[in-house]
Amino acid sequence: MTPSLQIGSATVIALTDGEGPFFAERSEAFPNATAEQWDAADRFDPGSVTGDGRWWLQFRAFAIRDDTGITVVDAGIGPADGPAASWAPVPGRLPAELAAAGIDPADVDTVVLTHLHTDHVGWAVVADGPERRPFFANARYVLQRREVDAVEELNPQLREILIEPLREAGRLAAVDGEHALTRRSRVVPTPGHTPGHQSVLVESGGGLVAVTGDVLVHAVQLLHPEVAYELESDRRTARESREALLRRVAEAGGSIATPHLTEPFAAAGRRGPGGSAVPPGGGSS
């Protein structure tokens, strides 16, 4: 059964495109994490560490379904020839995950790309013979303008294989700052991991879910937001974004939806005995 979280009249659906080991030792990815912090993270998320101590991570997108339509947040690792092929466990299975959730890509109204890293944009634009076309043919693709402007710094190939095809198809929506998607969801800037990183807030029935993107990439950063990730473009700003988003969600008694932790949903700011996750409110399946 596809994992999901109900929040008022909206449903947030987790779509796993793939899973596999990180390409570097986790001690290199988080060089300042202490032994005590690793112990806590491994108790919280035991599925994220292999028997030989490697970081095992999920690669997820999310769909938000409500009475106004369907929004997809991020586009996974992509097909075998996608831009993440050099390091991620391609091909991904997002098309099958969408089908299992009863979602036709043609029915998706909006695609939010949290940032321009290859494991988050893989299915956004796909090859169609010699051409490239948006996989979600009828959707607008929302990126922060600051992220679009930073594409050369982040990954120059993405301008040709992602940004320009979206622009030529009239599907690229570059926004500045907070931007409403529907009556119940909006993007909010959460920079630091990349210059124009954004997250999605879903609010309905008095509840709140934040689809975080890579504001945090491992449980060690959920439990200890001060821990920096080596691949953050601006570690100080990333920490500020992480702390602010987690505080906002915790104060609302809400939940987070994360791409890379073993379980897709967690209740921000609430820990069970031994650091174990407390199931989020609102019910999940």
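The values are calculated or read from the model by the stated rules, or taken from the named source; none is laboratory data. Computed from a predicted structure; not experimentally measured. Positions of Cβ are generated from backbone atoms using ideal geometry, with glycine treated the same way; all protein chains shown enter the neighbour counts.
Looking at region 208-237, which of its residues are more than 16 Å from the chain's Cα centre (by Cα) and within 17 Å of Ala180 (Cα to Cα)?
Residues of region 208-237 more than 16 Å from the chain's Cα centre (by Cα): 208, 220, 223-228, 230, 233-237.
If the condition is that a residue be more than 16 Å from the chain's Cα centre (by Cα) and within 17 Å of Ala180 (Cα to Cα), then Leu208 is the only one that fits.
Report the residue count in region 108-161 for those that are under 17 Å from Leu231 (Cα atoms), among the charged types (D, E, K, R) and crowded, with 18+ Cβ neighbours inside 10 Å.
So the count comes out to 2.
Taking the residues in region 57-92 that are crowded, with 16+ Cβ neighbours inside 10 Å and charged (D, E, K, R) as candidates, determine which candidate is modelled with the lowest pLDDT.
Asp66
Tell me, yes or no, whether region 99-118 has at least one residue that is closer than 28 Å to Asp66 by Cα, in contact with a Lys or Arg (Cβ under 7 Å, 6 or more places away or on another chain) and of a type in the set (D, E, K, R).
There is no residue in region 99-118 that is closer than 28 Å to Asp66 by Cα, in contact with a Lys or Arg (Cβ under 7 Å, 6 or more places away or on another chain) and of a type in the set (D, E, K, R).
Any idea which residue in region 191-207 is nearest to the chain's Cα centre (by Cα), counting only those that are part of a loop (DSSP other than H, G, I, E, B) and closer than 17 Å to Ala174 by Cβ?
Step one: filter region 191-207 for residues part of a loop (DSSP other than H, G, I, E, B), giving 191-197, 205-206.
The next check asks that each one be closer than 17 Å to Ala174 by Cβ; those that pass are 191, 194-197.
Details: Pro191: 13, Thr194: 13, Pro195: 16, Gly196: 14, His197: 10 Å.
Out of the qualifying residues, it is His197.
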